[in-house]
Ligand code: GLN
């Protein structure tokens, strides 16, 4: 007779649970071992050192069940960041949920470029479509002298960003509305955004973990450029003279984004490659008046 999984878990040791988790996660994630360990830590409250030192220790039945339930959800492609409730982004640990895009490592480059290209003092910065607040909070953390504003059309996303700002003790001006709409008439020295840029028909939207993330944070019209077009068209009027615009985009959208930046009258247009060597962030400057 088959032993139901949850009754077996009642006597499971850490090492047995980790290897079951690893097996169940094969094919879901490139790193099943690491994710199984993260979920076991989350379910048991134990640290990595304890997990490594006492593989024969038994978890309580409740802990083991909680862990296996999360592993099964992960095996159905719920993002690990949603199950854990947080994601590391650059120097910060951020709360995330299903209302926000999960911050990606390639977006850290956008923060690095902003820090490199802008002066350390007195910059007025705006992050469009801030989601969990990842980019804006990194800037506020690294540059206390800047004033950082962040907009999002989703009230639910803004409440995650607000929560992150409070927990980290960082000051953000959070604004609800579509792209530039809540800052009409204002000007910024730096405008950054990681907008949605995946074409609506791209099969990736239905694959892997992506169906669990907000579609409005991922997909942008037939060619994926709907939001980038709008941001780039409206940016010059919202930039101070010499102000900079920095945008994330798809790895194959570099030529189109550079053409849009040029058509908007912006100068010093450059595209930067991510860690995978793909074109990912384009930057431009408004001329001086
Ligand atoms: N880089 C993300 C992905 O391909 C998309 C994020 C976005 O559209 N801004 O999964």
Over 16 Å, how big is the tail of the calculated P(r) for the range 5-76, in percent of all Cα pairs?
-> 37
With contacts defined as alpha carbon pairs under 8 Å and 6 or more residues apart, what's the relative contact order of the range 5-76 in percent?
-> 46
At a Förster distance of 35 Å, what's the computed FRET efficiency of residue 34 paired with residue 259, Cβ-Cβ distance as r, to 0.05?
-> 0.30
Show me 38-50, 265-277 ranked by packing, highest mean number of other Cβ atoms within 10 Å first.
-> 38-50, 265-277
Would you please state which residues of the range 122-141 a label at residue 176 would reach in this model, taking the label point 7 Å out along Cα→Cβ and a backbone N cut-off of under 17 Å?
-> 129-133
Pull out the extension gain between residue 52 and residue 200, defined as 0.36 nm times the separation in residues minus the alpha carbon to alpha carbon distance; nm, one decimal.
-> 48.9 nm
So what's the convex hull volume per residue for the Cα atoms of the range 102-237, in Å³?
-> 105
Report the relative contact order of the range 132-200, percent, no decimals, based on alpha-carbon pairs under 8 angstrom and at least 6 residues apart.
-> 32
Relative intensity, log₁₀ I(q)/I(0), of the chain from a Debye sum that treats every alpha carbon as a point, q = 0.13 Å⁻¹ = -0.89
Specify, per residue and in Å³, the volume enclosed by the convex hull of the alpha carbon atoms belonging to the range 1-121.
-> 134
For residue 252 and residue 237 in one chain, what is 0.36 nm times their gap in residues minus the Cα-Cα distance, to one decimal in nm?
-> 2.7 nm
Provide the FRET efficiency to the nearest 0.05 for the residue 104-residue 13 pair, computing r from the beta carbons and using R0 = 25 Å.
-> 0.10
Between the range 17-35 and the range 239-269, how many Å separate their Cα centres?
-> 41
Which order results if 29, 100 are arranged by neighbouring Cβ count within 10 Å, fewest first?
-> 29, 100
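No lab work stands behind these numbers, since they all come straight from the coordinates. Model, not experiment: these values are computed from the prediction. Cβ coordinates were reconstructed from backbone atoms using ideal geometry, including for glycine residues, and neighbour counts include every protein chain displayed.
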